[in-house]
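The values are calculated or read from the model by the stated rules, or taken from the named source; none is laboratory data. If you're wondering where the values come from, they're calculated on a predicted model, not measured in any experiment. A quick note on method: Cβ atoms are made from the backbone with ideal geometry, for glycine too, and the neighbour counts reach across all protein chains shown.
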Amino acid sequence: MHLLYFDPGLGAMIIQAVVAAVAGVILFSKGLMYKIKTLLGFSKNQEEDIFDDIEIKDQDSETKL
Amino acid sequence: MIDNSKHASSFRDPSGYIFTEEGVIKRAIFPIYFKQYNALTSSGFFDSLFKNKLLVPHSEITKTEDKIVIQPDNIPFITYPYEWSFNMYKEAALLTLKLQKYSLEKGFSLKDATAFNVAFHEGKAIFIDTLSFDFYQENTPWRAYKQFITHFLGPLVLAHYHGAQSLKLMSNFIDGIPIKMLASMLPFKTKMNPFLYSNIHLLAKFEDKHNEDYKGESKATALSKKGQLNIIQSLYDYIKKLSLKEHSEWGNYYDKTNYSTDAFVEKSAIIDMWIENVQAKTLIDVGGNDGTFVRKINTDLKQALVCDIDNNAVDFNYKTIRENKETFITPFVLDVLNPSAAIGFQNKERDSFINRMKDFAPDVTLALAVIHHMSLSGNVTFEMSAQFFASFSKHLVIEFPKRNDSWVQRLLNSKVDFKDHFDWYSLENFEAAYTTYFEVIEKKPIANSERVMFLLKPKHVK
């Protein structure tokens, strides 16, 4: 059951299949480039980043402060 | 006083509402959302987000058949998207995507993705809308996708191409930047970028094409969970890398000012002493740049708000907070000559800066090197600025640069013919106007400078 209290945009619901396909291609090619670069030995130095990656740890793992 | 009133911003979602009871914010949940709430609680989903400090923690107060009441932890000061610096905005966007990915993995989905669901607390972004999580329905697209684009990706991409000031647009568009307008504002070359083309330009086209389908004839297509995760991941990757084109030169701001090292040290010592004397726990630094002076305070502060008109200065402050893992500073962008207004339905959904200040009621207001800007750039009289500061401060620490100060001279010279109009800008007039509203507790000139520090207390405060 969805609580439909705002208009999600019909176009936006339809288009997500296309967006997902494009995203799939982008992610795949990036992953491929990364593998090639690593193989050839010029993987980039890890830049200093103020944001973490997208993963959220489950509660049983250690908590970040 | 019992004030059992429903919060004015809490009417869109039928799952429940926020209300204030004796000054404490609480959230009521209706039976329509019980199933979700129970599943989120019993599966450990909420706990996991609390422990990772991604969702505001709550405790359950009462549970009956027709209403559950929870009490979320208090966030002393809520900032709005149009008050965030570029990297704050980015973090809020990334947080929303993180939560959606985690939700999908656990069988849930965010049913909305408005930027107003995020606040800043203890030095980082935190999600504050506990009722935004719903069950994920297999093979359905993300309902909040368009909202995410108009609330997050859109403003951030505009900021990338047109500068951080574009983020202020959100104060006019409470439900995100209209997608068609957003697409039209981006440079042509963005159509060559597959990511931006599909997420913005094509979305605008599709929305345009289908917005007259009143009969609901077109059907939403199916989208696998993997497909949706790909969208989320590619949005995350793109936004994480997004930067501003303009240079942030705020880092060396204090090298460019006319302070000798001694005067700088003396000024911060005076502030530190006065903060200790009045035993302040909370403060706001109006025009606080990158938070330099707040960091020089030795007293333990519970909450310091540092606002500035310059998005870059606020951003620099925010990065410092992240690097040092500081938890007591909340930075935000504010133009003191045009503070955030109350917006939304009945002008009540998002509160004005002044009202939020009255609720926050800081022990001390710092106004360092700001009065000459207000007076000379903004033409605000001493009488008016005194009234402004007196309206929310329990104490005011204000720095007055005298007429001979080089910054004052610079501002005066830029007035050219209009310069004579500002003959009133003098220490005597300043003191005369401010003592109408404040009593002077202490006054100290800073040695080797043209500046005087005042510790003032509003006359209406007992």
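In table form, for the structure just shown:
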| quantity | calculated |
| --- | --- |
| Some residue of the range A:49-60 being more than 9 Å from chain B (Cβ to nearest Cβ), assigned to a loop (DSSP other than H, G, I, E, B) and at pLDDT below 85 | no |
| Residue within the range B:403-417 that is in contact (Cβ under 8 Å) with a residue 24 or more places away in the chain and closer than 12 Å to B:Phe454 by Cβ present | no |
| Looking only at the range A:1-44, and only at residues there that are among the aromatic types (Phe, Trp, Tyr) and in a loop (DSSP other than H, G, I, E, B), the one that is modelled with the highest pLDDT | A:Phe42 |
| Any chance B:Thr299 is assigned by TED's automatic domain parsing to the domain that holds B:Tyr425, within 20 Å of the chain's Cα centre (by Cα) and within 26 Å of B:Phe264 (Cβ to Cβ) | no |
| Every residue from the range B:225-241 that is in contact (Cβ under 8 Å) with a residue 12 or more places away in the chain and either polar (S, T, N, Q) or farther than 27 Å from A:Ile14 by Cα (or both) | B:Gln228, B:Gln233, B:Ser234 |
| Any hit, the range B:291-307, residues being in contact (Cβ under 8 Å) with a residue 60 or more places away in the chain and on the phi > 0 side of the Ramachandran plot | no |
| Segments classed as strands (runs of 3 or more DSSP E), wholly inside the range B:7-101, with at least 3 members that are on the phi > 0 side of the Ramachandran plot, within 9 Å of another protein chain (Cβ to nearest Cβ) and among the aromatic types (Phe, Trp, Tyr) | none |
| Of residues in the range B:175-196 being surrounded by 14 or more Cβ atoms within 10 Å (Cβ to Cβ) and of a type in the set (S, T, N, Q), the one farthest from the chain's Cα centre (by Cα) | B:Asn193 |
| Within the range B:214-240, tally of residues that are at the interface with chain A (Cβ under 7 Å from one of its Cβ atoms) and either assigned to a helix (DSSP H, G or I) or at pLDDT below 85 (or both) | 11 |
| Tally of residues being surrounded by 22 or more Cβ atoms within 10 Å (Cβ to Cβ) and more than 30 Å from B:Arg12 (Cβ to Cβ) across the range B:316-327 | 3 |
| Those residues of the range B:302-325 which are charged (D, E, K, R), within 14 Å of another protein chain (Cβ to nearest Cβ) and more than 16 Å from the chain's Cα centre (by Cα), in sequence order | B:Glu323, B:Lys325 |
| Tally, over the range B:153-172, of residues that are more than 14 Å from chain A (Cβ to nearest Cβ) and either among the small types (Gly, Ala, Ser) or within 16 Å of the chain's Cα centre (by Cα) (or both) | 12 |
| Breaking point among (1) within 14 Å of B:Phe45 (Cβ to Cβ); (2) surrounded by fewer than 22 Cβ atoms within 10 Å (Cβ to Cβ); (3) of a type in the set (S, T, N, Q), for B:Asn74 | (1) |
